[in-house]
Protein chains: 2
Amino acid sequence: MSLTEPTPVDLDRPAAGVPHPLDAATQLTARPDGSYEGHTSTAYWNFTGPFGGVTAACLMRALLDHPRRQGSPVSLTVNYCAPVAEGAFRITPRLARTNRSTQHWSLEITQDGEPPSTTATAVFGARPETFAHAPATPPALPPRESLVPFPSHLAGSAWLRNYDFRFAQLQPLGRVPRVEPLPAAQELWIADAPPRPLDFVALAALADTFFARIFVVRGALVPAGTVSMSIFFHATEADLTRQGSEPLRARADSRVFDRGFHDQSAELWGADGTLFVSTHQIVYYRDPPAA
Amino acid sequence: MSLTEPTPVDLDRPAAGVPHPLDAATQLTARPDGSYEGHTSTAYWNFTGPFGGVTAACLMRALLDHPRRQGSPVSLTVNYCAPVAEGAFRITPRLARTNRSTQHWSLEITQDGEPPSTTATAVFGARPETFAHAPATPPALPPRESLVPFPSHLAGSAWLRNYDFRFAQLQPLGRVPRVEPLPAAQELWIADAPPRPLDFVALAALADTFFARIFVVRGALVPAGTVSMSIFFHATEADLTRQGSEPLRARADSRVFDRGFHDQSAELWGADGTLFVSTHQIVYYRDPPAA
């Protein structure tokens, strides 16, 4: 998520029969030159532009729709160079190389002949049966029903209202940063709101739903935004079908905050304890040192 | 690191006055068209091509040398599409966008008009004084002198001989994979061999020196190779100057191995307990399931 100053946006909840907001927001039109045209969505608006996750989801959609795409998603790296402006945007995927087992893509998002607002690379691959092993374990969360939903409807950013967050540890968010840092680590339940069958488009968006850790440790909003995010997809189509629209278990943490940037690593786990996504981002922030 | 089948390469150790092997291997010639020409190095040869870390180091060198580069390294993502062939290669950096606080680059490595062997994106930025906080702690390693150096001179891959590895937990490496997985996590001391003052070029290479976790958990070499690696640079010039050529503390671990790919996260720490680099990669492997 990204922030400079709040400019609240109203969100019309979808009526029955209306496509899920994520499907509406990631709708793309293929163009004769091999690019895809999309349009920003008020439903996923953040403070100065679209929620970074919906931008990642649009890139994933373009690749999944691409006639030359082979295999399933292995990784997606998105670099947020500048906010996408409200309106139409162009996604230009370029197939860099296909080898025996993986396919490499480079992508850009452009608008009105401006330099790219977004650059990205992606890897797709075959997922054959192999030796499998999971040293990592899913977060041990309290039952989801026992946790209070995050009051997304009170938040300034529209995109939050498309997710149901249930934090095991909900940190206070004040008007001024704390003197003592709060814990960076959080565990939570996350689900699309309204519920939606999980796919790689949704996973790409979900990977960026973790609040910037600078907000969490400072207990306040400061100017911050994702600069670069890498998503590793461990889930296969079969995993997603099994998951359906069940809520995901998730965790996020950071290693270091220093000189305007902090790292952030997060995980999204399926209901059956399968790791679907591990994701890592470097976040820009501005927060003057204590005098 | 990447592997298919061993083809040992001889390495001439540098004599006094000769440039450090890393400086020789990352030497680039600027071309009038804005690209850089380099040449693969036998000293950093791996099994089927150059060690991925030296490729990352060459990309970093090209950006650091670039007249339009602003700020210091924040992130570098390298996608290994195919092995770089022995001989000359071309690095083409393209400045995607410069904004107030960050600069975004896209790069490719090509040879003889072939599709790119490597694609990459990088972010540079200003590193002003801000609120700083380090939730992560460096590995508590035994004194380096008390640990046996990894016998790089016995290994098939030349690049290993340019590093001094001292593992706190050195896993056995046999001819056939273990039935029971060994721990994926390792902590170690790493230093350039011969010693070399630390810079961002060396850090980019060091980020890929962690053995593929599939070798570690299986206790054997299987076909494997890094597909995509993201490096987050937390160190500033001042940190590197303070570090000089001191050994680094390091750790690596994985979350999941499944259907031909596993993740891998690692950290490089300075002598004074500052996190210099966090890095994450997705690794391709082939390892048939137990019958």
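The values are calculated or read from the model by the stated rules, or taken from the named source; none is laboratory data. Quantities reported herein were computed from a predicted structural model and do not represent experimental measurements. Please note: Cβ atoms are built from the backbone with ideal geometry, for glycine as well, and neighbour counts cover all protein chains shown. All accessible areas refer to the heavy atoms of the entire protein, side chains included, with ligands and DNA or RNA removed. Shrake-Rupley method; radii C 1.70, N 1.55, O 1.52, S 1.80 Å.
In terms of packing, defined here as the mean over residues of other Cβ atoms within 10 angstrom, the peptides B:39-46, A:165-172 line up highest first as B:39-46, A:165-172. Taking label points 7 Å from Cα along the Cα-to-Cβ direction, A:Arg94 and B:Arg178 give a separation of 4.5 nm.
Counting Cβ atoms of other protein chains within 10 Å of each Cβ in A:96-109 and taking the mean gives 5. Taking every alpha-carbon pair under 8 Å whose residues sit at least 6 apart, chain B reaches a relative contact order of 19 percent. Between copies, A:His39 shows label-point distances of 5.7 nm, shortest first, with the point placed 7 angstrom from Cα along Cα to C-beta. Positive end of the dipole of the range A:133-291 (Cβ unit charges, origin at the Cα centre): among A:Leu248, A:Thr137, A:Pro181, the Cα lying farthest that way belongs to A:Pro181. The heavy atoms of B:Asp239 present about 10 square angstrom of accessible area, all protein chains included, probe 1.4 Å. What's log10 of I(q)/I(0) for the range B:49-127 at q = 0.24 Å⁻¹, Debye sum over Cα points only, no solvent? The computed values of log10 I(q)/I(0) come out as -1.10. Taking a Cβ cut-off of under 10 Å around B:Ala202, the surrounding Lys, Arg, Asp and Glu residues balance to a net charge of -2, with basic ones at +1 and acidic ones at -1. Each label point was placed 7 Å from the Cα along the Cα-to-Cβ direction; for A:Thr236 and A:Glu129 their separation is 0.9 nm. Inter-chain Cβ neighbour count for B:133-143, averaged per residue, equals 4 (cutoff 10 Å, partner chain atoms only). When the inverse distances between all different Cα atoms of chain A are averaged and flipped, the Kirkwood radius reads 19.5 angstrom. Restricting the calculation to Cα atoms, every distinct pair contributes to the Kirkwood radius of the range A:150-288, found to be 15.5 Å.
Using a probe radius of 1.4 angstrom, the carbon and sulfur fraction of the accessible surface of the protein assembly as shown is 55%. Scaled to the globular estimate 2.2 N^0.38 Å, the Cα spread of the protein assembly as shown, given as radius of gyration, is 0.92.
For the residues of A:261-268, the average number of beta carbons from a partner chain within 10 Å of their own beta carbon is 5. Approximating the spin labels as points 7 Å out from Cα along Cα→Cβ, the A:Asp272-to-A:Ala136 distance works out to 1.9 nm. Solvent-accessible surface of chain B, taken per residue with a 1.4 Å probe and all protein chains present: 38 Å².
If R0 is taken as 45 Å, the Cβ-Cβ distance between A:Ala291 and A:Val148 corresponds to a FRET efficiency of 0.75. Please identify, among A:Glu187, A:Glu86, A:Glu267, the residue showing maximal mean-square fluctuation in a Gaussian network model of chain A using a 10 angstrom Cα cutoff. Looking only at A:Glu187, A:Glu86, A:Glu267, the biggest GNM fluctuation is shown by A:Glu86. Buried accessible surface for the A/B pair, both sides summed and rounded to the nearest 100, is 6000 Å² with a 1.4 Å probe.
Distances, shortest first, from the label point of B:Ala140 to those at the same position in the other copies read 2.2 nm; the point lies 7 Å along Cα to C-beta.
Among A:211-219, B:219-227, sorting by the average number of other beta carbon atoms lying within 10 angstrom of each residue, highest first, gives A:211-219, B:219-227.
Across the identical copies, the 7 Å label point of A:Arg94, projected outward along Cα→Cβ, sits 0.3 nm from its counterparts, in ascending order. Counting heavy atoms of the protein chains alone, A:Thr98 has an accessible area of about 60 Å² for a 1.4 Å probe.
Taking a cut-off of 18 Å, what percent of all Cα-Cα pairs in the range B:2-153 are separated by more than that? Tail of P(r) above 18 Å: 66 percent of Cα pairs. Extent along the principal axes, Cα only, for the range A:122-183: 50, 29, 27 Å, with the longest axis given first. Using Cα springs under 10 Å in a Gaussian network model of chain A, which residue among A:Gly49, A:Gly270, A:Gly174 shows the largest mean-square fluctuation? Comparing A:Gly49, A:Gly270, A:Gly174 in the GNM, the peak value goes to A:Gly174. Take A:177-183, A:126-132 and order them by the average number of nearby Cβ atoms within 10 Å per residue, most first; the result is A:126-132, A:177-183. When you restrict to C-alpha pairs under 8 Å that are six or more residues apart and normalise by the size of the range B:123-177, the relative contact order lands at 29 percent.
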